[in-house]
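**Student:** Let me begin by handing over the structure; questions about it come next.
The values are calculated or read from the model by the stated rules, or taken from the named source; none is laboratory data. Keep in mind that this is a model prediction, so the values were computed, not measured. Don't worry about glycine lacking a Cβ; one is built from the backbone with ideal geometry, like all the others, and counts go over all protein chains shown. What goes into the accessible areas is simple: the full protein's heavy atoms, side chains included, and nothing from ligands, DNA or RNA. Shrake-Rupley method; radii C 1.70, N 1.55, O 1.52, S 1.80 Å.
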Amino acid sequence: MENLPVKGATIDEALAKCGFGKYNILLTLHAGFTLFNTVLEAIGISYVLPIVECNFKLSSFQSGLLSAVSFIGIISSSHLMGFLSDTMGRRKIMAPCLLMGFAVTIVSSFAPTFEILFLLRFVNGFLLSSSSATIYAYLGEFHSNAIRNRVIMAGGILCSTFSILFPLIAWVVINQEWSFYIPILNIVYKPWRLFILVCGLPGFFSALCLLKFPESPKFTLSVGEEAYTLKSLRTIYAWNTGNDPAQYEIKSLILDEDERKDCAGSSYSKLKIFRSMWNQTAPLFSKEHRRKTFFVCILQFSIYLLSQGVFLWFPYILNIVENYRNEHPGEQKKICDIIQHQYNNLPKSNESLFESEDSGPCKELLESGTYVHNISLEFITAVFFMLMGLIVSKLGRIPTFFLTLTLCGICQAVCIYIDEPMIAIYLFVVALIVGVATNIIQAITVDIFPTQLRGMAVCICLMMGRLGCVTGANLFAALIETHCEVAFLIPAGLIIAAGLLSFLIPKPKFQLKPTSSDET
């Protein structure tokens, strides 16, 4: 690593001198859009699962696997992507992986069989991991400590706001009646296939935007590229202030003690990648960091189990409830009783609640109420994200986190005992907005780990979250037909327990107080 000047400004001081303006806003918008791409690619399959299941004659077990396969791919590559982002750079990993992921999405929309679709969605998830975790570190490292948490939260709010479009996009694309035959593949191309392709478009545009943004200044400084870092800082300063880049007053940079110590212990051996990965990972489980790693992983696992694992079945459950309400208008019944009613009325030979060989041709359209309630979920989530920022500023991160998880856990447990289906559904909706707490965990993770471990820490933390999603999706698939109440109560208990555990998260060693200019 190049020798840095003995005297100069720290990267945090240098970022503060850049101000906050147009550049930061565009970068935050891009981060929100990139996170939105993760939502579309990983969860979009849940909207077409009832149709795909019928078209491919899938069992509940196969449906559970397909709903979670993108997350399995993300889990399998999270460690590798964390290592690469910490050694090669955030931007250098995200841009090519997003482009390759879009190419895989295009191909998967033409998949002729379940096995091929499953494999391609796995590959897509493998590539998706590069941006789903790294974008938090990338965004945070363009901002000083004083405003970093709020900017990361803003990225989450933007993602949630964009996500309001998710069910609208699904409604417009899926609920069409056109189709055409492709002889060479022996498939009928239908709207659900086009929807899979559309879900990949944000990733393509996000990759193009990354070509205009520089590498993270904190990362480039930590690997000794001081000249590149100063050039990036001057660009940010010029965009934010409208001044000439030459007027930027910082002329040299230094690493603070925390980052310098961590850089000294890091290995960037290109010859033995596995040893390098171990050198990058092992510090997270050292005496200094293992407690932090343990708690953020456990909390992320619990949140994702409900907010994404159980959510993957949300359109399914909505579709069942809407069908039942249309067939039995005005009748009051609990959610689990409705599901059990549907299950009991299927032929005994059926393997799945949503597949019946004797029920006639597949339904290619979802009930309109399914989309309406999903739009409500996304809208309520966006509102909660906005309120979260205000609540955090008043109560602090940990109390806000605890209250959010406790409220959502209680709603998840109570919804199965309400005999008015629509009230139960909206309690379920409130439970699923627990995902807003993810951004608090990401902000804490970025805050408590130093730069050279931050990308790996975020990736491992999110890897545990994705594992929670896979666990939740398959647990729900295994229990929903025969032990419906248990399927709802297990996530509820985990979420409430996670809220209590949050008080044990260690505080960051270095936390700067915001100045008046930073607050502005």
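**Student:** State whether the residues of segment 55-73 include one that is of a type outside the set (Ser, Thr, Tyr) and within 30 Å of ILE25 (Cα to Cα). Let's see the steps before the verdict.
**Tutor:** First pass over segment 55-73, keeping only residues of a type outside the set (Ser, Thr, Tyr): 55-58, 61-62, 64-66, 68-69, 71-73.
With within 30 Å of ILE25 (Cα to Cα) added as a condition, the list becomes 71.
Looking through segment 55-73, at least one residue is of a type outside the set (Ser, Thr, Tyr) and within 30 Å of ILE25 (Cα to Cα).
**Student:** Restricted to segment 494-514, and to residues that are assigned to a helix (DSSP H, G or I) and open to solvent by 100 Å² or more (accessible area, probe 1.4 Å), which residue is modelled with the highest pLDDT?
**Tutor:** Initial filter on segment 494-514 (assigned to a helix (DSSP H, G or I)): 494-504.
From what is left, the residues that are open to solvent by 100 Å² or more (accessible area, probe 1.4 Å) are 500, 503.
Numbers: LEU500: 90, PHE503: 86.
Looking at residues that are assigned to a helix (DSSP H, G or I) and open to solvent by 100 Å² or more (accessible area, probe 1.4 Å), I get LEU500.
**Student:** While we're on this one: ASN24 versus (1) open to solvent by 10 Å² or more (accessible area, probe 1.4 Å); (2) at pLDDT 85 or above; (3) not small (Gly, Ala, Ser): which is the lone unmet condition?
**Tutor:** Only one criterion in (1) open to solvent by 10 Å² or more (accessible area, probe 1.4 Å); (2) at pLDDT 85 or above; (3) not small (Gly, Ala, Ser) is unmet by ASN24, namely (1).
**Student:** For residues that are outside any helix (DSSP H, G or I) and within 24 Å of ILE505 (Cβ to Cβ), tally how many sit in segment 381-433.
**Tutor:** Taking segment 381-433 as the starting set, the residues that turn out to be outside any helix (DSSP H, G or I) are 396, 418-420.
Adding the requirement that they be within 24 Å of ILE505 (Cβ to Cβ) leaves 396.
Count: 1.
**Student:** Among the residues of segment 46-72, which ones are surrounded by fewer than 24 Cβ atoms within 10 Å (Cβ to Cβ) and either of a type in the set (S, T, N, Q) or under 17 Å from the mean Cα position of the chain (by Cα) (or both)?
**Tutor:** Correct list: SER46, ASN55, SER59, SER60, GLN62, VAL69, ILE72.
**Student:** What do you reckon, is VAL172 touching a residue at least 40 places away in the same chain (Cβ under 8 Å), open to solvent by 10 Å² or more (accessible area, probe 1.4 Å), assigned to a helix (DSSP H, G or I) and hydrophobic (A, V, I, L, M, F, W, C)? Walk me through how you get there before you give the answer.
**Tutor:** Numbers: touching a residue at least 40 places away in the same chain (Cβ under 8 Å): no; open to solvent by 10 Å² or more (accessible area, probe 1.4 Å): yes; assigned to a helix (DSSP H, G or I): yes; hydrophobic (A, V, I, L, M, F, W, C): yes.
It is false that VAL172 is touching a residue at least 40 places away in the same chain (Cβ under 8 Å), open to solvent by 10 Å² or more (accessible area, probe 1.4 Å), assigned to a helix (DSSP H, G or I) and hydrophobic (A, V, I, L, M, F, W, C).
**Student:** Taking segment 210-231, which residues are of a type outside the set (A, V, I, L, M), more than 28 Å from the chain's Cα centre (by Cα) and part of a helix (DSSP H, G or I)?
**Tutor:** Applying the first criterion (of a type outside the set (A, V, I, L, M)) to segment 210-231 yields 212-220, 222, 224-226, 228-229, 231.
When the remaining residues are screened for being more than 28 Å from the chain's Cα centre (by Cα), the result is 224-226, 228-229, 231.
Across segment 210-231, the qualifying residues are GLU226, TYR228, THR229, LYS231.
**Student:** Being within 30 Å of ILE440 (Cβ to Cβ) and aromatic (Phe, Trp, Tyr) is the filter here, so list the residues in segment 301-342 that pass it.
**Tutor:** In the first step, residues of segment 301-342 are kept if they are within 30 Å of ILE440 (Cβ to Cβ); the result is 301-318, 335.
Hits for segment 301-342 are PHE301, TYR304, PHE311, TRP313, PHE314, TYR316.
**Student:** In segment 461-480, which residue that is open to solvent by less than 20 Å² (accessible area, probe 1.4 Å) and either small (Gly, Ala, Ser) or closer than 15 Å to TRP313 by Cα (or both) is farthest from the chain's Cα centre (by Cα)? Give the derivation first.
**Tutor:** Narrowing segment 461-480 to residues open to solvent by less than 20 Å² (accessible area, probe 1.4 Å): 461-462, 465-466, 468-469, 472-473, 476-477, 480.
Still in the running and either small (Gly, Ala, Ser) or closer than 15 Å to TRP313 by Cα (or both): 465, 468-469, 472-473, 476-477, 480.
On the way: GLY465: 9, GLY468: 12, CYS469: 10, GLY472: 15, ALA473: 15, PHE476: 20, ALA477: 21, ILE480: 24 Å.
Per the stated criteria, the residue is ILE480.
**Student:** Could you check segment 97-117 and list, in sequence order, the residues that are closer than 17 Å to ILE74 by Cβ and open to solvent by 60 Å² or more (accessible area, probe 1.4 Å)?
**Tutor:** Across segment 97-117, the qualifying residue is only MET100.
**Student:** Look through ILE418, ILE410, ILE375, ILE423 and report the one residue that is open to solvent by 10 Å² or more (accessible area, probe 1.4 Å), over 16 Å from ASN439 (Cβ atoms) and free of Cβ contacts under 8 Å to residues at least 24 places away in the same chain. First the steps, then the outcome.
**Tutor:** Values: ILE418 fails: free of Cβ contacts under 8 Å to residues at least 24 places away in the same chain; ILE410 fails: free of Cβ contacts under 8 Å to residues at least 24 places away in the same chain; ILE375 fails: free of Cβ contacts under 8 Å to residues at least 24 places away in the same chain.
None of the others qualify; the one that does is ILE423.
**Student:** Right, here's the next one. Name the residue, out of ILE93, ILE74, ILE43, that is β-branched (Val, Ile, Thr) and touching a Lys or Arg at 6+ places or on another chain (Cβ under 6 Å).
**Tutor:** On the way: ILE93 fails: touching a Lys or Arg at 6+ places or on another chain (Cβ under 6 Å); ILE43 fails: touching a Lys or Arg at 6+ places or on another chain (Cβ under 6 Å).
The conditions single out ILE74.
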